[in-house]
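Undergrad: Would you mind keeping the following structure in view while I ask a few things?
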Amino acid sequence: MKLKIILTAFLSTIASIAIAQEMSFEEYNPKSTLVVSEHPTPRAKFKFIDVHSHQFRMAEQNLSDLIKDMDKLNEGIMVNLSGGSGDGLRAMLKNVNDNYPNRFAIFANVDFNGVGNADWGAKAAAQLEADIIAGAKGLKVYKSLGLRNKDSNGERIAIDDPRLDPIWAKCGEMGVPVLIHAADPKSFWDDMDSTNERWLELKTRPRRKRSATNPAPWQQIIDEQHRMFKKHPKTKFINAHMGWYANDLKTLSGLLDEMPNMSVGIGAIIAELGRQPKQANAFFIKYQDRILFGKDSWKPEEFPTYFRVLETADEYFPYYKKYHAFWAMYGLDLPDEVLQKVYYKNALNLIPGLDKSLFN
């Protein structure tokens, strides 16, 4: 009997240990025991321009709340890419101009409904011109172009569709940049298996999964964008999210060399840069005139990770979203001259009418 009790207790202990060791990938989140120097960076070293922000309620929201958070971060100017068009855009501009005219810039958006109608290009270009005259500082194009937007016949609109040429030409004519987001990370098109780095993101956000027929191959959409850039050399393009080549800086270098009218923004890809500090540092130094700071989602608590990656030489510190990156970050330790260009000088050169005195 005693032996049976001991054996039962032993098996129960083994079972408890086995159960305790079973956990999902999402649950496993170990704390590092590595002892290294730490330099948390809650505030940017230099005043910066965020060229990639979204504020959908800017027509009526209290801008002073935004200003308080911006000042804490040392943000000089926020570029709101979600300006819309027509009356909605003008309402946003009025709120900004009545309260903080030099702290916000607003980009217009184009409505691609109606592509295929005989007069769509002329009307869309005319509306865009009116929006720029009203005060829009540029054009933002969402990823829906190339993924979801369809023409009057129900066909996917390719980014290099010639019917869109009047839009890109108008921006070149009026001297305003186009910030464009095309496709999504290539991993969203890859098999969702144990080798996919974005597996957790695709599991938690299954609508992000794509395929060669949903709606088209990744490379096809990216190539459409590049052909459009080359077709309009007089128009300045800011390729959002580093064109989804932040994980392949050698290829991105070649693309920048091919297309002198293309710059890149770092919104939502800091995790890619933070895992390759030596290569990324060399890339930033070489292309220091063509990289712009941007964050994308407006979450002030996430900005310090960007500052720390760009400014410090810290090693092995955490990212803030496990489903974006389950790896640790390393600082690029960029020189001050490069930081100033990335933080504000390049944006001042590309976006017309910004208050340069804020950065003296």
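The values are calculated or read from the model by the stated rules, or taken from the named source; none is laboratory data. A quick note: this is a predicted structure, and the numbers were derived from the prediction, not measured. Here the Cβ positions follow ideal geometry from the backbone for every residue, glycine too, while neighbour counts run over all protein chains shown. When the accessible area is computed, the model is the full protein with side chains, heavy atoms only, and any ligands, DNA or RNA have been set aside. Shrake-Rupley method; radii C 1.70, N 1.55, O 1.52, S 1.80 Å.
Undergrad: Tell me which residues, restricted to the stretch 322-342, are touching a helix residue (DSSP H, G or I) at 6+ places or on another chain (Cβ under 8 Å) and not hydrophobic (A, V, I, L, M, F, W, C).
TA: Residues satisfying the conditions are Lys322, Tyr323, His324, Tyr330, Gly331, Asp333, Pro335.
Undergrad: When the residues of the stretch 328-348 are narrowed to those that are open to solvent by 30 Å² or more (accessible area, probe 1.4 Å) and out of contact with any Gly (no Cβ under 8 Å at 6 or more places or on another chain), which ends up nearest to Gly274 (Cα to Cα)?
TA: Of everything passing the filter in the stretch 328-348, Asp333 is nearest to Gly274 (Cα to Cα).
Undergrad: Moving on to the next point. Suppose we filter Pro304, Pro277 for residues that are open to solvent by 30 Å² or more (accessible area, probe 1.4 Å), under 26 Å from His54 (Cβ atoms) and touching a residue at least 24 places away in the same chain (Cβ under 8 Å); which single one remains?
TA: So the residue among Pro304, Pro277 that is open to solvent by 30 Å² or more (accessible area, probe 1.4 Å), under 26 Å from His54 (Cβ atoms) and touching a residue at least 24 places away in the same chain (Cβ under 8 Å) is Pro304.
Undergrad: Then there's this: Inspect all residues belonging to the stretch 237-251 and state whether any of them is in contact (Cβ under 8 Å) with a residue 12 or more places away in the chain, more than 25 Å from Asp161 (Cβ to Cβ) and open to solvent by less than 10 Å² (accessible area, probe 1.4 Å).
TA: Yes, because at least one residue in the stretch 237-251 is in contact (Cβ under 8 Å) with a residue 12 or more places away in the chain, more than 25 Å from Asp161 (Cβ to Cβ) and open to solvent by less than 10 Å² (accessible area, probe 1.4 Å).
Undergrad: Taking the stated definitions as given, is Asp65 over 27 Å from Leu350 (Cα atoms), in a helix (DSSP H, G or I) and either open to solvent by 40 Å² or more (accessible area, probe 1.4 Å) or touching a residue at least 24 places away in the same chain (Cβ under 8 Å) (or both)?
TA: Spelling it out, Asp65 is indeed over 27 Å from Leu350 (Cα atoms), in a helix (DSSP H, G or I) and either open to solvent by 40 Å² or more (accessible area, probe 1.4 Å) or touching a residue at least 24 places away in the same chain (Cβ under 8 Å) (or both).
Undergrad: Search the stretch 168-184 for residues that are farther than 10 Å from Leu139 by Cα and pair each with any residue that is surrounded by fewer than 18 Cβ atoms within 10 Å (Cβ to Cβ) and among the basic types (Lys, Arg) when their beta-carbon atoms are under 9 Å apart and the residues are at least 6 apart or on different chains.
TA: Taking only residues 6 or more apart or on different chains, the pairs are Ala169/Lys234; Gly172/Lys234; Glu173/Lys234; His181/Lys143; Ala182/Lys143; Ala183/Lys143; Asp184/Lys143; Asp184/Arg208.
Undergrad: Give, as residue ranges, the helices (runs of 4 or more DSSP H) completely inside the stretch 289-360 that count at least 1 residues that are touching a Cys at 6+ places or on another chain (Cβ under 7 Å) and under 27 Å from Asp257 (Cβ atoms).
TA: Fully inside the stretch 289-360 and qualifying: nothing.
Undergrad: Select from the stretch 92-105 the residues that are open to solvent by less than 10 Å² (accessible area, probe 1.4 Å) and under 13 Å from Ile132 (Cα atoms) and list them in ascending order.
TA: Answer for the stretch 92-105, where residues must be open to solvent by less than 10 Å² (accessible area, probe 1.4 Å) and under 13 Å from Ile132 (Cα atoms): just Ala105.
Undergrad: Now a separate question. Would you confirm, using the coordinates I've provided, whether Ile221 is open to solvent by less than 10 Å² (accessible area, probe 1.4 Å), touching a helix residue (DSSP H, G or I) at 6+ places or on another chain (Cβ under 7 Å) and within 19 Å of Ala325 (Cβ to Cβ)?
TA: Criteria not met by Ile221.
Undergrad: Answer with yes or no whether Ile351 is touching a Pro at 6+ places or on another chain (Cβ under 8 Å), of a type in the set (Val, Ile, Thr) and either surrounded by fewer than 20 Cβ atoms within 10 Å (Cβ to Cβ) or at negative phi (or both).
TA: Taking the combined requirement at face value, the residue satisfies it.
Undergrad: Any residue in the stretch 68-87 that's within 16 Å of Ala347 (Cβ to Cβ): show its pairings with residues that are open to solvent by less than 10 Å² (accessible area, probe 1.4 Å) and of a type in the set (Lys, Arg) at Cβ separation under 7 Å, as long as the two are six or more apart or on different chains.
TA: Filtered contacts from the stretch 68-87: Leu81/Lys140.
Undergrad: Which pairs do you get when a residue that is touching a residue at least 40 places away in the same chain (Cβ under 8 Å) and within 16 Å of Gly353 (Cα to Cα), found in the stretch 121-144, comes within reach of a residue that is open to solvent by 40 Å² or more (accessible area, probe 1.4 Å) and of a type in the set (Gly, Ala, Ser), reach meaning Cβ atoms under 7 angstrom, with the pair 6+ apart or on two chains?
TA: Note: pairs meeting the criteria are Asp131/Ser85; Lys137/Gly353.
Undergrad: When the stretch 26-45 is examined, which residues are found to be crowded, with 16+ Cβ neighbours inside 10 Å and more than 26 Å from Ile180 (Cβ to Cβ)?
TA: Thr41, Lys45
Undergrad: For Gln279, which of the numbered conditions (1) in contact with a helix residue (DSSP H, G or I) (Cβ under 7 Å, 6 or more places away or on another chain); (2) under 24 Å from Asn261 (Cβ atoms) fails to hold?
TA: (2)
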